[in-house]
Structure formats: C-alpha cells, structure tokens
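The values are calculated or read from the model by the stated rules, or taken from the named source; none is laboratory data. It should be emphasised that the depicted structure is a prediction, and the values quoted were computed from it without experimental measurement. Heads up, the Cβs are rebuilt from the backbone with ideal geometry, glycines too, and the neighbour counts pull from every protein chain shown. Note: accessible area is taken over every heavy atom of the protein model, side chains too, but ligands, DNA and RNA are not part of it. Shrake-Rupley method; radii C 1.70, N 1.55, O 1.52, S 1.80 Å.
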Amino acid sequence: MQNETVFEVEERGGLLLHQGVIRVPYTWAAGAVASKFYVGLRNRKIYGIRCRMCNIVLVPPKKTCHQCFSDLSEWVEVSDEGTLQTFTVVHYSEPELHPMKAPFAYGIIKLDGADTGMTHLVGEADLKALREGMRLKAVFEEKPKGNYLDIKYFKPMKGAR
Ligand SMILES: [Zn+2]
C-alpha cells in the first residue's frame, strides 16, 4: 500500500513544500450501538433507539440522548421512507471525499417513526426538483456489508413533489 502520494512541489523562501495526501490505514471498532445499527442495515432494516424520558426516536441511534443524557437501549425499527428536511447540491466531483459523481445532493432525511434526521445521499432525482418536504425512500446496496453506505442513497418516491 502506498502511504504518501506527492502531487506538487513548491519552493517558497528557499524551502521546498510538498503538497500531498497521507493515507492512514486503520481499524475502527464501531461500538455496540453503531454495530447493531449497521447489522440492521446489512439486513435492509433501519433501526433507531428510543428515549423514554423525551419520547423521541433517534436515527441514527446514539448511546446517549442528546436532550436528557439518558442511556438508551430501546431499539425500534423505523420506516425506509421519510421526508427530506433540507439538502445541498454538490457540483464538483471529489472521488476521495464523495461517494457519488457530481452533480448529486446530500440531504437530511427524517424517516417515518424517527424524530431526528439522518444525513445521506439523494440519488435518482431531478436535482432541480428537490424541495424540503419531499418524500424519499431508501435504496439499499445489492450486497449490503454492514456500513452506512449499505443505503446507497434515498430516492424520491413515485409522484413525490
Ligand atoms: Zn432524552
């Protein structure tokens, strides 16, 4: 594996400046809550976690409620359909950063049964027709592996306006 790729060398004040990218291989333990969420995605199910104190369902799930700081453990399956709360359209491609080729959109989607929105990609969409409140449905990868991008993107539902 190549750890450093030097793209450009610049000289400034007698010093050479190397512009490059450092790649760092790593292993990340997702933790108990994210692991259960990702296992759900691998099975094409989307799980949230309920806070009984606040009576809200967090998606993606968190170990601790962001409102009352309670420890959370009550899992609930939510819908794969939801409402676009906000979005932004990306007009440039950056393969190292973005999983889709531009133009595409990132959105925050509040799934039915959830009280918080999840950030994700919006695909199969007329980007000029996107609007807040639009109904979207998750499109899963053909072979989910157990990560956030097991949902390829959310697409507008038929007849969504
Ligand atoms: Zn709470």
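Do we have any residue at all in the range 46-61 that's away from the ligand (no atom under 16 Å from the Cβ) and either under 20 Å from Ile151 (Cα atoms) or assigned to a strand (DSSP E or B) (or both)? I'd like the intermediate steps shown before the answer.
Residues of the range 46-61 that are away from the ligand (no atom under 16 Å from the Cβ), as a first pass: 46-47.
When the remaining residues are screened for being either under 20 Å from Ile151 (Cα atoms) or assigned to a strand (DSSP E or B) (or both), the result is 46-47.
Yes; the residues of the range 46-61 include at least one that is away from the ligand (no atom under 16 Å from the Cβ) and either under 20 Å from Ile151 (Cα atoms) or assigned to a strand (DSSP E or B) (or both).
Could you pull out the residue among Gln67, Gln19 that is over 17 Å from Leu111 (Cα atoms), polar (S, T, N, Q) and not in a strand (DSSP E or B)?
Values: Gln19 fails: not in a strand (DSSP E or B).
One residue alone meets the criteria, Gln67.
Do the conditions hold for Gln85, that is, is it farther than 19 Å from Lys152 by Cβ, open to solvent by 40 Å² or more (accessible area, probe 1.4 Å), more than 13 Å from the ligand (Cβ to nearest atom) and not basic (Lys, Arg)? Spell out how you get there, then give the answer.
Numbers: farther than 19 Å from Lys152 by Cβ: yes; open to solvent by 40 Å² or more (accessible area, probe 1.4 Å): yes; more than 13 Å from the ligand (Cβ to nearest atom): yes; not basic (Lys, Arg): yes.
For Gln85, the condition - farther than 19 Å from Lys152 by Cβ, open to solvent by 40 Å² or more (accessible area, probe 1.4 Å), more than 13 Å from the ligand (Cβ to nearest atom) and not basic (Lys, Arg) - is met.
Somewhere in the range 80-88, is a residue aliphatic (A, V, I, L, M) and closer than 15 Å to Ile109 by Cβ? Spell out the reasoning first.
Of the range 80-88, the ones aliphatic (A, V, I, L, M) are 84.
Now narrow it down to the ones that are closer than 15 Å to Ile109 by Cβ: 84.
Within the range 80-88 (the criterion being aliphatic (A, V, I, L, M) and closer than 15 Å to Ile109 by Cβ), the answer is yes, since at least one residue qualifies.
Please work out which residue is nearest to Gly113 (Cα to Cα), limiting yourself to the range 63-76 and to residues that are surrounded by 12 or more Cβ atoms within 10 Å (Cβ to Cβ) and more than 10 Å from the ligand (Cβ to nearest atom).
Ranking the candidates gives Val76 first.
Per-residue answers, yes or no, for (1) under 14 Å from the mean Cα position of the chain (by Cα); (2) among the acidic types (Asp, Glu); (3) at positive phi:
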{"residue": "Trp75", "(1), (2), (3)": "no, no, no"}
{"residue": "Ser79", "(1), (2), (3)": "no, no, no"}
{"residue": "Phe87", "(1), (2), (3)": "yes, no, no"}
{"residue": "Met100", "(1), (2), (3)": "yes, no, no"}
{"residue": "Gly113", "(1), (2), (3)": "no, no, yes"}
{"residue": "Ala125", "(1), (2), (3)": "no, no, no"}
